[in-house]
1. If you take the accessible area of A alone, add that of B alone, and subtract the area of the pair, what total do you get in Å², probe 1.4 Å, to the nearest 100?
2. Can you give the average number of partner chain beta-carbon atoms within 10 Å of each beta-carbon in peptide B:61-67, as a whole number?
3. Using a 1.4 angstrom probe on heavy atoms only, work out the carbon and sulfur share of the accessible area of region B:30-100 in %.
4. In this model, which of A:LYS14/B:LYS32; B:LYS69/B:LYS98; B:LYS28/B:LYS69; B:LYS28/B:LYS98; B:LYS32/B:LYS98; B:LYS72/B:LYS98 are farther than 21 Å apart at the alpha-carbon?
5. Anything losing 50 Å² or more of accessible area from the isolated chain to the full protein assembly: pick those residues out of region B:129-153, probe 1.4 Å, ligands and DNA/RNA ignored.
6. What is the dipole size for region B:15-94, taken about its Cα centre, with +1 at each Lys and Arg Cβ and -1 at each Asp and Glu Cβ, in debye to the nearest 20?
Amino acid sequence: MNIRRVNRIDELAKSLPPSRDLWPAISAAIEADRVVAMDSAPRRSRWLPAVGMAAAVALVTVGIFIGRGITPPPATVAGTPPRRVRPT
Amino acid sequence: MADGATARMTKNDTVVDFDVALIERARKGDSKAFERLYRDHVGRVHGLCLRMTRNPDLAADCAQDAFIKAWKALPRFEARSSFSTWLHRIAVNTVLEKRRGPSNAEIPVEDPTEYEEPVLSFDTPVEEEELEAAIQSLPQGARDALVLCGVYGYEHSEASEMLGIAVGTCKAQLHRARGLLRDRLERGVK
C-alpha cells in the first residue's frame, strides 16, 4: 500500500469523492422541483388574463361613473344671469 | 481563492472560468449541464462536508442537499465569487444546519493580528492518514477553521462569513487548531 506523506496541511487532498453516487437522488429532486413549477405555472397563466380583463372592465366602469359626477355645468356668458328654466 | 476545479491559469495569468457556459446552461434548466457541474465539484464539496462532519453518511447527505439547494438557487447566482466558492458556502451552511451544535462558540480574542501565521507546515513529513485523524480529533470550531483556511485555502474573511463568526474568532480558532494539531501529532493520535 502506498502511504502518502505531506509537509504542509494544504497538501492534503481537497477532493474526497463520496462512496455512493449522489446524482440519482439529486436528479430526482430536480425533476420533482420541475414538476411542481410546471403544475403551478399553467394555473397562473389560465387565471391571469381573466382577472386582468375583469379588473380593466371594473376600472373603466368606475372611471365613467366618477367622470359623470364631476362634469362641469354648461358654460355661461359673463354678465348675463343664468337662464331660468320655466316649468311648462 | 485559487480554484483548481473551475479555473485554469493562462500564460497571461488570466483566470478562465470553464464553468461559465455550464452554469448558463444549467441556469436555463439544463440538468445535463448541472450534472457535469456536479461531477466536477462533488469531490471537493464532499471532502469539505466529510472533514466538517466526521461522518460519511451525514457528509453524503450534506453534499447531496447542497447540490439540490444550488440548483434551486442558480438563478440567483452572480459571478461575484467563483462557482466553487459559492457552492462551498452552501455546503458549509448545510453542514451547520444539520449539525445544530454549539460549534462555533465565540472565543475571546485580545489581538487577532497575533494569530497571523503562514500555512501550517511540518518539520518532518506526516502521513496523510495520521494528519486526517488528528484533524478529526479537533474540537468542532477549531476544526472548521482549520479545514476552511488550512486545507481549502480560504481567507479568514471568507471562512468567518461562511461560518457566521467574527474574523478575529476565526483567527483564534485556527491558532488553537494549529496548537492542538501539533500537540496531537507529536503525541500520536489515538
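1. Working: alone 9220 and 10800 Å², together 17040 Å².
For chain A against chain B, roughly 3000 Å² becomes buried.
2. Details: counts 3, 0, 5, 8, 4, 2, 7.
Other-chain Cβ atoms within 10 Å of each residue's Cβ, averaged: 4.
3. On the way: 1300 of 2950 Å².
After summing per-atom areas, the C and S share lands at 44 percent.
4. Values: A:LYS14/B:LYS32 25 Å; B:LYS69/B:LYS98 14 Å; B:LYS28/B:LYS69 16 Å; B:LYS28/B:LYS98 30 Å; B:LYS32/B:LYS98 28 Å; B:LYS72/B:LYS98 19 Å.
Where the Cα-Cα span goes over 21 Å, the pairs concerned are A:LYS14/B:LYS32; B:LYS28/B:LYS98; B:LYS32/B:LYS98.
5. Going by heavy-atom accessible area, the residues of region B:129-153 that drop by at least 50 Å² are B:VAL151.
6. Working: 14 positive and 10 negative charges, 24 e Å.
With only Lys, Arg, Asp and Glu charged at Cβ, the dipole is about 120 debye.
The values are calculated or read from the model by the stated rules, or taken from the named source; none is laboratory data. The structure displayed is predicted, hence computed values, not measured ones. Cβ: placed from backbone, ideal geometry, glycine included. Neighbour counts: every protein chain shown. The area values use the complete protein model at the heavy-atom level, side chains included, leaving out ligands, DNA and RNA. Shrake-Rupley method; radii C 1.70, N 1.55, O 1.52, S 1.80 Å.
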